[in-house]
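The values are calculated or read from the model by the stated rules, or taken from the named source; none is laboratory data. Being a predicted model, the structure only gives us computed values, none of them experimental. Cβ placement follows ideal geometry from the backbone for every residue including glycine, while neighbour counts extend to all protein chains displayed.
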Amino acid sequence: MMQPTSPSAVAAFPTTGEPVLRVENGSSRQASDSKQDPIIQVEGLRKTYQTARGSLDLFDNLNLRIDPGEMVAIVGQSGAGKSTLLHILGALDAPSAGTVYCASTNVASLSPRQAAAFRNREIGYVWQFHYLLPEFTALENVAMPLLARGKVKAGAPGDAQRAPSSSLGWKREALAVAANWLREVGLEERGAHRPGELSGGEQQRVALARALVNNPRLLLADEPTGDLDETTAGMVFDLIERLHMSHGLTSILVTHNLDLAARCTRALRLESGRLAPLEARQ
Ligand SMILES: Nc1ncnc2c1ncn2[C@@H]1O[C@H](COP(=O)(O)OP(=O)(O)O)[C@@H](O)[C@H]1O
Ligand SMILES: [Mg+2]
């Protein structure tokens, strides 16, 4: 499995009241306008890995449509292919067959260089492990995707839309934008800390700020709370939910936590190579 190397970085749903699971394949409540273009459209997806013990077929002509603003949970047993699916959606891995459109882009058609630019621009990744760079401060870690991209996207917090006048000025701008994101995740006081000086929950909040610093349209989160205790996991999930809403994101969260899955606008189970609605529990 490809290791994530450069994580860069998810409509409205109630935060109170009964958890609601969508049990049909239709759109979520905030994406009820079926005429809008989907942000994810997967048809006939197959993925085959060649292994020492023969070929492994992960998906059985899998189909998936996600509309803008949805917050979709994906659950499934270990080895079901959840991470592989996220990697394919996010142009980190290639499908063996089928079409995968993500943010109006046919991801399979991208060259490695185009895929890198696409990921940096459109997608925020968060993983179970934060993958922060240990030798850099929290602030520098958050700024990293901006520095990699070379310019700040329009509408980013800090309104740093201008082209950098110099590389020094550019770095300063990137750090200012990163500081705003650290504030958004409640860690403005921790900017000078290195990852090793932060708690697990704080590390994951920094990773979220880094994931969103380029104002992506999509947040792909692979067991983002899987390494955290229950209370911290709940707090990180609350933050993801808040950022999802306040930034108009579309989010896909892989999780083993059925309570958290139930808080998403739609929950799906990946099983036998296909996605099916997760039945609402009592
Ligand atoms: N690069 C690879 N080469 C061969 N097999 C792989 C590779 N990546 C993943 N797999 C296999 O594909 C299956 C699905 O993996 P993964 O997507 O990580 O599952 P999940 O995230 O649901 O636990 C597993 O059996 C895994 O061993
Ligand atoms: Mg996985």
Where SER55 falls short, out of the listed (1) in a strand (DSSP E or B); (2) modelled with pLDDT of 95 or more; (3) more than 16 Å from ligand 2 (Cβ to nearest atom) | (2)
Scope region 73-104; condition more than 16 Å from ligand 2 (Cβ to nearest atom) and either assigned to a strand (DSSP E or B) or touching a helix residue (DSSP H, G or I) at 6+ places or on another chain (Cβ under 8 Å) (or both); matching residues | ALA91, ALA94, PRO95, ALA97, GLY98, THR99, VAL100, TYR101, CYS102, ALA103
How many of the residues in region 55-67 are over 20 Å from ARG217 (Cα atoms) and either within 11 Å of ligand 1 (Cβ to nearest atom) or crowded, with 20+ Cβ neighbours inside 10 Å (or both)?
-> 6
When region 68-77 is checked residue by residue, the ones that are at positive phi and more than 6 Å from ligand 1 (Cβ to nearest atom) are GLY69
ALA209 passes all but one of (1) assigned to a helix (DSSP H, G or I); (2) closer than 15 Å to ILE252 by Cα; which number fails?
-> (2)
Regarding ARG149, is this residue modelled with pLDDT of 95 or more and surrounded by fewer than 20 Cβ atoms within 10 Å (Cβ to Cβ)?
-> no
Is it the case that HIS130 is out of contact with any strand residue (DSSP E or B) (no Cβ under 8 Å at 6 or more places or on another chain) and part of a loop (DSSP other than H, G, I, E, B)?
-> yes
First in region 78-106 and within 11 Å of ligand 1 (Cβ to nearest atom), second anywhere and assigned to a strand (DSSP E or B) and among the basic types (Lys, Arg), Cβ under 9 Å, 6 or more apart | ALA80/ARG269
